[in-house]
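No value in this document is a laboratory result; all are computed from the given coordinates. Predicted model only: the values in this text are computed from it and were never measured. Cβ sites come from the backbone with ideal geometry, for glycine too, and all protein chains shown count toward neighbours.
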Amino acid sequence: MRQAVFLDRDGVLIQVNVRDGKPHPVASLAEVEILPGVHEACTLLHEAGFLLIVVTNQPDVARGIQRREVVEAIHCMLRETLPLDDILVCYHDDADHCLCRKPEPGLLLQAAKDWNIDLSASYMVGDRWKDIEAGRRAGCITVFIDHAYEERRPDNPDYRVGSLAEAAAWILRRTH
């Protein structure tokens, strides 16, 4: 079985728009800004043998605020720029009660099936409580990137960092 690092998209790989202390995704491809250190962190993790799989909630599509084509264009650019193995997306809103919307673990479970991943030896890196809870429910080791948003905090992540670069360094020290 393989090891993976599951990555949330907004606030982990790309810059978010913070309004009133809460993060919001970019509205267009032109607004995408990959966060400092992300390319290097992804490259180091990938070279160490980890699968890199993005798992992201994109409810603005269900809400009619964002077009699916824009989300897919952003993901196409990320695939061209970063050494990502897969990008899995939940386009539902909370009211849909789907199993793929974080904090549910559906996206991680699907990736584990598709890629033969050992979830207990894998990591979920996210910047919001739903990311950490999805990772915990899937049986992963959780790493919280703390941007000090003014919203609910995760319950006891396994590790807390300030960036993906710090998360990657900790993961690599822990596993090698």
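By DSSP, the beta bridges lying fully in the stretch 4-175 are antiparallel in about 15 percent of cases.
The fraction of all Cα pairs in the chain landing in successive 5 Å bins from 0 to the largest distance is 1, 9, 19, 23, 23, 16, 7, 2, 0, given as whole percents.
Sparsely packed loop sites in the stretch 1-70 (the GluC sites (Glu not before Pro) outside DSSP H, G, I, E and B with at most 16 other Cβ atoms within 10 Å) comprise E33. Per-residue Cβ neighbour counts within 10 Å put L119, L7, L45, L82 in the sequence L82, L119, L45, L7, beginning with the fewest. Along the stretch 144-152 the Karplus relation, 6.51 cos²θ - 1.76 cosθ + 1.60 evaluated at θ = phi - 60°, assigns HN-Hα couplings of 9, 8, 8, 9, 6, 5, 8, 7, 3 Hz to successive residues, with x for each Gly and Pro.
When peptides 97-110, 48-61, 145-158 are ranked by their average number of other Cβ atoms within 10 Å per residue, the highest-first order is 48-61, 97-110, 145-158. Stretching A121 away from E166 to a fully extended chain increases their span by 14.3 nm, per 0.36 nm per residue minus the current alpha-carbon distance.
With contributions of -39500 (n - 2.57) from each DSSP H run of at least four residues, the per-residue ellipticity at 222 nm computed over the chain stands at -9500 deg cm²/dmol. Annotation: amide H-H contacts under 5 Å for Q66 (H modelled 1.01 Å from N, sequence separation of 5 or more, or interchain): V61. Cysteines in the chain that lack a partner Cβ within the 4.7 Å cut-off: C42, C76, C98, C140. When only Cα pairs below 8 angstrom with a gap of at least 6 residues are kept, the stretch 16-145 shows a relative contact order of 18 percent. 3J(HN,Hα) along the stretch 26-31: 5, 9, 8, 4, 5, 7 Hz, from the Karplus curve 6.51 cos²θ - 1.76 cosθ + 1.60 with θ = phi - 60°, whole Hz, x for Gly and Pro.
In a fully extended conformation the segment linking T175 and R152 would gain 5.3 nm over its present Cα-Cα distance, using 0.36 nm per residue.
Rounded to the nearest 5, the antiparallel percentage of DSSP beta bridges internal to the stretch 5-95 is 30%.
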